[in-house]
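Visitor: Okay, here's the structure, questions in a sec.
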Amino acid sequence: AVIFPDLTIDKPSGKLNLQGAICAGNTLNLNKGNLNATANGSLITVKNSATVNGGSDSSLVEGAMAKQGNTDFLFPLGSSSRGFHPLRITAPQNDSDIFIATYYPNQQTFGNSLDTGLSNLSACEYWNLKRKVGTSNVAVSLSWNAQSCDITTPSDMRLAGWNGSTWKNLGGASPT
C-alpha cells in the first residue's frame, strides 16, 4: 500500500475511485467528495495515531476502511445514495490491532436465521466490522439518518453478528 503522511479529499463533485490500497499515516481530511474504496484491493487504512478530520453526507468513505491502533475511532463510512453512516469502535488493547469496517446501502444476503431476541433485520442497510489483527474486543456504535429504514422503535434495536449460520443477538443499548 502507498502511504500518504497527510491525505486530503477535496473533490468538487463525484467520487475519487481508489485503484489500490492506500494508507493515511498522520491525517485523513475529508473536506468534500467521497473516497470510493469498493474495488478489490482498494482498502484505505488509517495508521496507528493517525486522525480523521471531517466526515459528512458530502464527504465520506464508500467501501472498506481499516484502522490500525489502540485508540477509539470513528469510521467515516456511508454511501452517496444513503449519506453518512459512521461506525465507532472503542479503543483496542494493542497498537498493532487492525479492524476493517464497511457500510452497505442494501439488504444483507448472508441469511435470515435469527437468534432469540431478534425480530427482524434491516431491509436497506448493514455494516460489517472485522477484526483482522489482534484479539481485542471493542464496543461498537452505529449511526443512522432519515434515509435509513426499519427504525420504528429505536429502544428495540439490537446489534447482530453473523456466525456463519445464524444472526446472533449481540445486545442493545440506549439509542440516541
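Visitor: Restricting to the range 97-142, name every residue that is charged (D, E, K, R) and assigned to a loop (DSSP other than H, G, I, E, B). First the steps, then the outcome.
Guide: To start, the set of residues in the range 97-142 that are charged (D, E, K, R) comprises 97, 115, 125, 130-132.
Listed by number, the residues that qualify are 97, 115, 125.
Visitor: Filter the range 115-156 down to the residues that are surrounded by 15 or more Cβ atoms within 10 Å (Cβ to Cβ), out of contact with any Phe, Trp or Tyr (no Cβ under 6 Å at 6 or more places or on another chain) and charged (D, E, K, R) and list them by number.
Guide: Passing the criteria: only 125.
Visitor: To continue, here is another question. Please specify each residue of the range 8-63 satisfying the condition of being of a type in the set (Lys, Arg) and in contact (Cβ under 8 Å) with a residue 24 or more places away in the chain. First the steps, then the outcome.
Guide: Here is the first cut: in the range 8-63, the residues of a type in the set (Lys, Arg) are 11, 15, 32, 47.
If the condition is that a residue be of a type in the set (Lys, Arg) and in contact (Cβ under 8 Å) with a residue 24 or more places away in the chain, then 15, 32, 47 are the ones that fit.
Visitor: Further, regarding this structure: If we only count strands (runs of 3 or more DSSP E) wholly inside the range 14-71, which ones have 1 or more residues that are of a type in the set (Asp, Glu)? Spell out the reasoning first.
Guide: On the way: elements: 22-37, 44-46, 51-54, 61-63, 65-68.
Because the criterion is at least 1 residues that are of a type in the set (Asp, Glu), the strands (runs of 3 or more DSSP E) in the range 14-71 that meet it are 61-63.
Visitor: What is the residue count in the range 52-99 for residues that are open to solvent by less than 30 Å² (accessible area, probe 1.4 Å) and either of a type in the set (A, V, I, L, M) or in contact with a helix residue (DSSP H, G or I) (Cβ under 8 Å, 6 or more places away or on another chain) (or both)? It would help to see each step written out before you state the result.
Guide: Kept after step one, since they are open to solvent by less than 30 Å² (accessible area, probe 1.4 Å), are these residues of the range 52-99: 55, 59-67, 69, 73, 75-79, 83, 85-87, 89, 92, 97, 99.
From what is left, the residues that are either of a type in the set (A, V, I, L, M) or in contact with a helix residue (DSSP H, G or I) (Cβ under 8 Å, 6 or more places away or on another chain) (or both) are 60-61, 64-66, 77, 87, 89.
Matching residues across the range 52-99 total 8.
Visitor: With the condition kept exactly as written, say whether any residue in the range 40-47 is charged (D, E, K, R), open to solvent by 40 Å² or more (accessible area, probe 1.4 Å) and more than 17 Å from residue 88 (Cα to Cα). Let's see the steps before the verdict.
Guide: So the first thing to find is which residues in the range 40-47 are charged (D, E, K, R), and the list is 47.
If we keep only those that are open to solvent by 40 Å² or more (accessible area, probe 1.4 Å) as well, we get 47.
Retained after the next criterion (residues that are more than 17 Å from residue 88 (Cα to Cα)): none.
No - not one qualifying residue is present in the range 40-47.
Visitor: Determine whether residue 82 is touching a residue at least 60 places away in the same chain (Cβ under 8 Å), of a type outside the set (Val, Ile, Thr) and closer than 21 Å to residue 160 by Cβ. Explain how you work it out, then say what you get.
Guide: On the way: touching a residue at least 60 places away in the same chain (Cβ under 8 Å): yes; of a type outside the set (Val, Ile, Thr): yes; closer than 21 Å to residue 160 by Cβ: yes.
Answer is yes for this residue.
Here is a yes/no grid of residues against (1) hydroxyl-bearing (Ser, Thr, Tyr); (2) under 28 Å from residue 165 (Cβ atoms):
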{"site": "51", "(1), (2)": "yes, no"}
{"site": "63", "(1), (2)": "no, yes"}
{"site": "70", "(1), (2)": "no, no"}
{"site": "74", "(1), (2)": "no, no"}
{"site": "102", "(1), (2)": "yes, yes"}
{"site": "111", "(1), (2)": "no, yes"}
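The values are calculated or read from the model by the stated rules, or taken from the named source; none is laboratory data. Source: prediction; values computed, not measured. Here the Cβ is made from the backbone with ideal geometry for all residues, glycine too, and neighbour counts use every protein chain on show. Ligands, DNA and RNA are stripped out before the accessible areas are found, and what is left, the full protein with its side chains, is counted by its heavy atoms. Shrake-Rupley method; radii C 1.70, N 1.55, O 1.52, S 1.80 Å.
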